[in-house]
Amino acid sequence: MQSVTSFYSDEERSLGREFLSRGYVVRDVCDRGALEAIRDKVVELACDHLKCARPNNVGEFLDHIHETVTPATLNALRLAIYHGMNAVEWLRPSYFAVARRHLEMLLGNELAMQNKVNLSIQMPNDDSSVLPIHADAFGGETPFQVVVWLPLVDCIRTKSMFILPYEQNRKILPLMNQFRDGGMAEAYERVKDQLIWLDVPYGTVLVFSPNQLHGNIVNAEPTSRWSMNCRLTGLFTPYTSHEKKLGSYYLPITMRPVSQIGLDYEPPGGFQE
């Protein structure tokens, strides 16, 4: 017989330590079939919008979309795919499946998920899709959440995103009021040498805390970036924004039977033990 000395498995401890030291982890997807179904649907919707034949090599098609689409027509393509993807009922379960094991170890197994999955396309040298440095909590998001960031192509260097590691982020946040005049541009200059550029190849998924400063710059790589992102949080964690709350912005996805029974329970009126 052997006693158990920890509430966590070795895998949970290792993943948790890495996440706490960096504020993010990059791991292989948990369900490759779900990933490929998502990417195939994106390509199908793109081809429908562009009225072109389905390519033999979908990765190359996505990488070189800038040879077909201009910056002026890019957003129409992105919105067509975004609306088409979010109309598919299997999208959110499949998106959850690509990171499920990692999420259950980092976040828990009773979760709420953003009601839409976002899509980003960033063509080379196009500044229209730049997302300047920010932290989601600044805009009223709950700090008790993670972002699941899923590349549909290999995302490296400026074709990916940057993030400020956890400890450096903790040090800079109390100083944010110093950037009142220069704003987030000044904050970027202060921390740019500490930023980590994340390499996230196709077939992996990035899970990160959006409390950390993060963003992107103009894609200086020769190929286009395609990525999706969606927020998840614990079902019973605090929601700090009236707009971004449970039941509208977030929807429950994995409520357990005991929680359902507990929520349904109503004490009998006038009863005394």
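Bear in mind that the values in this text are calculations on the coordinates, not laboratory data. Not measured: the values here are computed from a predicted model. Don't worry about glycine lacking a Cβ; one is built from the backbone with ideal geometry, like all the others, and counts go over all protein chains shown.
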| message | Being within 25 Å of residue 98 (Cβ to Cβ), touching an Asp or Glu at 6+ places or on another chain (Cβ under 6 Å) and either β-branched (Val, Ile, Thr) or in contact (Cβ under 8 Å) with a residue 60 or more places away in the chain (or both) narrows it down to one residue among 246, 251, 235; which is it? | response | 235
| request: Hey, could you check the stretch 36-84 for residues that are crowded, with 19+ Cβ neighbours inside 10 Å and touching a residue at least 60 places away in the same chain (Cβ under 8 Å) and say which is nearest to residue 119 (Cα to Cα)? | output: 42
| said: Can you tell me which residue is farthest from residue 141 (Cα to Cα) among those in the stretch 204-239 that are within 15 Å of the chain's Cα centre (by Cα) and assigned to a loop (DSSP other than H, G, I, E, B)? | reply: 216
| message | I'd like the full set of residues that are aliphatic (A, V, I, L, M) and surrounded by fewer than 21 Cβ atoms within 10 Å (Cβ to Cβ), limited to the stretch 208-234. | response | 217, 218, 220
| task | With respect to residue 37, determine if the residue is among the small types (Gly, Ala, Ser), in a helix (DSSP H, G or I), more than 21 Å from the chain's Cα centre (by Cα) and over 26 Å from residue 143 (Cα atoms). | result | no
